[in-house]
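Undergrad: Handing you a structure now.
The values are calculated or read from the model by the stated rules, or taken from the named source; none is laboratory data. Only a predicted model underlies this, so the values are computations on that prediction, with no experimental measurement involved. Every residue, glycine among them, receives a Cβ derived from its backbone with ideal geometry; neighbour counts consider all protein chains shown. Remember, those area values only see protein heavy atoms, side chains included, never the ligands or the DNA or RNA. Shrake-Rupley method; radii C 1.70, N 1.55, O 1.52, S 1.80 Å.
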Amino acid sequence: MNWSAICHLCILMSLLLVVRCNDDDDDYGAEDGDADDGYVDHGDFDSPTKEYATDPKILSRNVKCLVCEATILEMKNAIKKVDPRKKVEVSGFRMDSDGFSEVKSVQYSRSETYLTELMDTICKKMDDYAKARDKVTRKLLVLKMVTDDGKMNPLMGSVDFVQDGDLNKSLEHFCLEILEDHEEAILKEFMKEVQADNIDHIVCTKTAKYCDEDDADEDDYNRDEL
């Protein structure tokens, strides 16, 4: 069963219902003179401004941050599935006493060959994701709809999917752009003998600067259900 296709269909049906409901409620806010900003006040949480919700520059940077983190975590997930006993010989930059380049054995999952091949295909994983907003906080999210074990993401019930004319194809585009612009930095981190636990933060926040430092630990949706 193609869960990805089913999820996309569910999202489209949900968006149609949202549009219909919005049309039916257009006159409700106008009667009392209150401007309808499309958001509901949820207690202690502040509704985002319209500028935050619609400004292409803001949305683009936020989505890039989320896609970058998701891409790095998808790579980490794929690497975990590689047999750690599998080795490959690589030539180093050091020369031995006879003037020959030294050869050393490294884990296949840390080799440039494997990582480059992985980066060539990993962006297809973005087909499993969709832009959404948390129903309570209205925080922008990139949510994985189907988990690696083929089940529907249980978090889908706690978000509203964002109406998206490109059917979320921009997520794959951003993924490809991120890998192209920061390939060297990503390879450097994943090729280390001892990898940092927070490669997503190193690449997406410190190197690429797609994410803000304050948001580094807030996005639970990209870290869960991968």
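Undergrad: Can you pull the percent of the stretch 162-213's accessible area that's carbon plus sulfur, 1.4 Å probe, other chains left in place?
TA: Percent of accessible area from carbon and sulfur atoms in the stretch 162-213: 49.
Undergrad: Moving on to the next point. Between Asp197 and Val106, what is 0.36 nm times their sequence separation minus the Cα-Cα distance? Round to one decimal in nm.
TA: Values: separation 91, 0.36 × 91 = 32.76 nm, distance 1.96 nm.
The Asp197-Val106 span can extend by a further 30.8 nm.
Undergrad: Can you give the extra length, in nm with one decimal, that the chain gains between Lys188 and Arg61 once fully stretched, where that is 0.36 nm per residue apart less the Cα-Cα distance?
TA: Working: separation 127, 0.36 × 127 = 45.72 nm, distance 2.36 nm.
Extra length available between Lys188 and Arg61 comes to 43.4 nm.
Undergrad: Which order do peptides 204-210, 83-89, 179-185, 119-125 fall in by mean Cβ count within 10 Å, highest first?
TA: On the way: 204-210: 18.0, 83-89: 11.0, 179-185: 13.7, 119-125: 16.0.
Ranking, from highest mean packing down: 204-210, 119-125, 179-185, 83-89.
Undergrad: Report the calculated FRET efficiency for Glu213 and Arg85 (r = Cβ-Cβ distance, R0 = 30 Å), to the nearest 0.05. Kindly include the intermediate steps, with their values, before the conclusion.
TA: Values: r = 38 Å, r/R0 = 1.27.
Once rounded, the FRET efficiency stands at 0.20.
Undergrad: Determine which lysines satisfy two conditions relative to Lys125: a Cα distance under 17 Å, and not lying fewer than 8 residues away in the same chain.
TA: Here the lysines satisfying the reach criterion relative to Lys125 are Lys64, Lys76, Lys80, Lys81, Lys144, Lys151, Lys169.
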